[in-house]
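Take a look at the structure below.
The values are calculated or read from the model by the stated rules, or taken from the named source; none is laboratory data. Since we're looking at a predicted model, the values are computed, not measured. In this analysis, Cβ positions are derived from the backbone assuming ideal geometry, glycine residues included, and neighbour counts consider all displayed protein chains. With ligands, DNA and RNA removed, areas are computed over all heavy atoms of the protein, side chains included. Shrake-Rupley method; radii C 1.70, N 1.55, O 1.52, S 1.80 Å.
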Amino acid sequence: MAEYTAQQLLDIVNTVHVAEGNARVRQITQRIVTDLFRTIEELDVTPDEFWAGVGWLTRLGASGQTGLITAGLGFDRLIDIRMDEADERAQRAAGTPRAIEGPLFVAGAPLSEREVRLDEGEEPPRGEVVVMEGRVLDTDGQPVAGALVDVWHANELGRYSHFDPDQAPYHLRRKIRTGADGSYRFRSFIPPGYAIPPGSPTAELFDALGRHGNRPAHIHFLVVAEGLRTLTTQVNIPGDSFLDDDFAFATRDGLVVTLEPGTPAAGYESLGISAPFTRVRFDFVLQKALSADEQRPEARMDRVAAA
Ligand code: DHB
Ligand code: FE
């Protein structure tokens, strides 16, 4: 009858099937199940510990926050490291470094031509007024007209619209189409850092790990242009104490911007600038796409939704 040792059970779990199924899913599942069997045996995981873990996964799923746990455990950065390594091997490492998308992108932000006020003209400003401006370029230094720059950041409390019921849809989320000279600019305020939601299953795990869940202040970008490879990146605000202690391990050299004093000079009226402000200059440099796939807006949420 069916009396198994742990090893016999594992072998059966890993091989039983009555239809072809999906070979790749089977391969990955086999590996994960094998590693988990080993973990339970080698660490002598108790039934209470095992079912507490299952309960936590259930709460995590019910909270809709499964995406919040991957960055803090290093997986998002791992995927970027592996793409960087593949680029190195293919001798095509160039342009603005990629940085993790994070779990909080929302597709479909309102589109503006060349410039926009992310703050929607709010008075008083929710923080230090900033104008970020620059161009989208290809790796030959040619300006890219008509590139679409999605930009999103947290509010003054470190929370993102869509995931925060207190914010209007697409608050602090916009899409900007670059002008003929590849230029874009937007006005907003410098966001504070972000922290994982207190009391959430994610926070529960980080508390148990004795870890904090803070990210330094940052602004996200997803840049898409015809013939070029989609760039997902973020810039960091200098001086943040979490710059080198990001719970998502996502900060990178070359992505910490310089804050310059801006003069309320001619040229910024359309952004409502009438007092000294902070200026950030940043060009996005995109590689040539080698396939149609590479120029897709590869937003992670789209991929999840399409699956
Ligand atoms: C997470 C949140 C972010 O705002 C971000 O940029 C990256 C990760 C997170 O909660 O995992
Ligand atoms: Fe973020």
When residues of the stretch 207-222 are limited to those that are more than 16 Å from ligand 2 (Cβ to nearest atom) and among the hydrophobic types (A, V, I, L, M, F, W, C), the one surrounded by the fewest Cβ atoms within 10 Å (Cβ to Cβ): Ala208
Qualifying residue in the stretch 27-34 (condition: charged (D, E, K, R), closer than 30 Å to Ser200 by Cα, modelled with pLDDT of 95 or more and not in a helix (DSSP H, G or I)): no
Count of residues meeting criterion [part of a loop (DSSP other than H, G, I, E, B), within 19 Å of Phe189 (Cβ to Cβ), open to solvent by 40 Å² or more (accessible area, probe 1.4 Å) and away from ligand 2 (no atom under 16 Å from the Cβ)] in the stretch 242-271: 4
Within the stretch 145-188, tally of residues that are open to solvent by less than 20 Å² (accessible area, probe 1.4 Å) and either part of a loop (DSSP other than H, G, I, E, B) or among the small types (Gly, Ala, Ser) (or both): 14
Residues (among the polar types (S, T, N, Q), open to solvent by less than 60 Å² (accessible area, probe 1.4 Å) and more than 20 Å from Pro143 (Cβ to Cβ)) located in the stretch 272-297: Thr278, Ser291
Cβ-Cβ under 6 Å pairs, at least 6 apart or on other chains, the stretch 20-49 side under 20 Å from Gln7 (Cβ atoms), far side open to solvent by less than 60 Å² (accessible area, probe 1.4 Å): Gln30/Asn14; Phe37/Leu10
Scope the stretch 78-115; condition outside any loop (DSSP other than H, G, I, E, B) and either in contact with a helix residue (DSSP H, G or I) (Cβ under 7 Å, 6 or more places away or on another chain) or near ligand 1 (Cβ under 10 Å from one of its atoms) (or both); matching residues: Glu115
From the options Thr251, Thr233, residue that is within 16 Å of ligand 1 (Cβ to nearest atom), touching a strand residue (DSSP E or B) at 6+ places or on another chain (Cβ under 9 Å), over 22 Å from Gln142 (Cα atoms) and among the hydroxyl-bearing types (Ser, Thr, Tyr): Thr251
Pairs with Cβ under 8 Å, 6+ apart, first in the stretch 270-285 and at positive phi, second open to solvent by less than 60 Å² (accessible area, probe 1.4 Å): Gly272/Arg117; Gly272/Gly121; Gly272/Arg187
Any hit, the stretch 213-223, residues being over 18 Å from the mean Cα position of the chain (by Cα) and either in contact (Cβ under 8 Å) with a residue 24 or more places away in the chain or outside any helix (DSSP H, G or I) (or both): no
Lone unmet requirement of (1) assigned to a loop (DSSP other than H, G, I, E, B); (2) in contact with a Phe, Trp or Tyr (Cβ under 7 Å, 6 or more places away or on another chain); (3) away from ligand 1 (no atom under 16 Å from the Cβ) for Gly121: (2)
Qualifying positions in the stretch 142-163 - over 17 Å from the mean Cα position of the chain (by Cα) and either within 13 Å of ligand 2 (Cβ to nearest atom) or within 29 Å of Arg211 (Cα to Cα) (or both): Glu156, Leu157
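Of everything in the stretch 164-183, what is in contact with a Leu (Cβ under 7 Å, 6 or more places away or on another chain), within 16 Å of ligand 2 (Cβ to nearest atom) and either free of Cβ contacts under 8 Å to residues at least 40 places away in the same chain or on the phi > 0 side of the Ramachandran plot (or both)? Give them in sequence order.
Leu172
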Filter result (among the hydrophobic types (A, V, I, L, M, F, W, C) and either open to solvent by less than 90 Å² (accessible area, probe 1.4 Å) or closer than 24 Å to Phe247 by Cα (or both)) within the stretch 39-69: Ile40, Val45, Phe50, Ala52, Val54, Trp56, Leu57, Leu60, Ala62, Leu68, Ile69
Positions within the stretch 105-163 being of a type in the set (S, T, N, Q) and touching a residue at least 60 places away in the same chain (Cβ under 8 Å), in sequence order: Ser112, Thr139
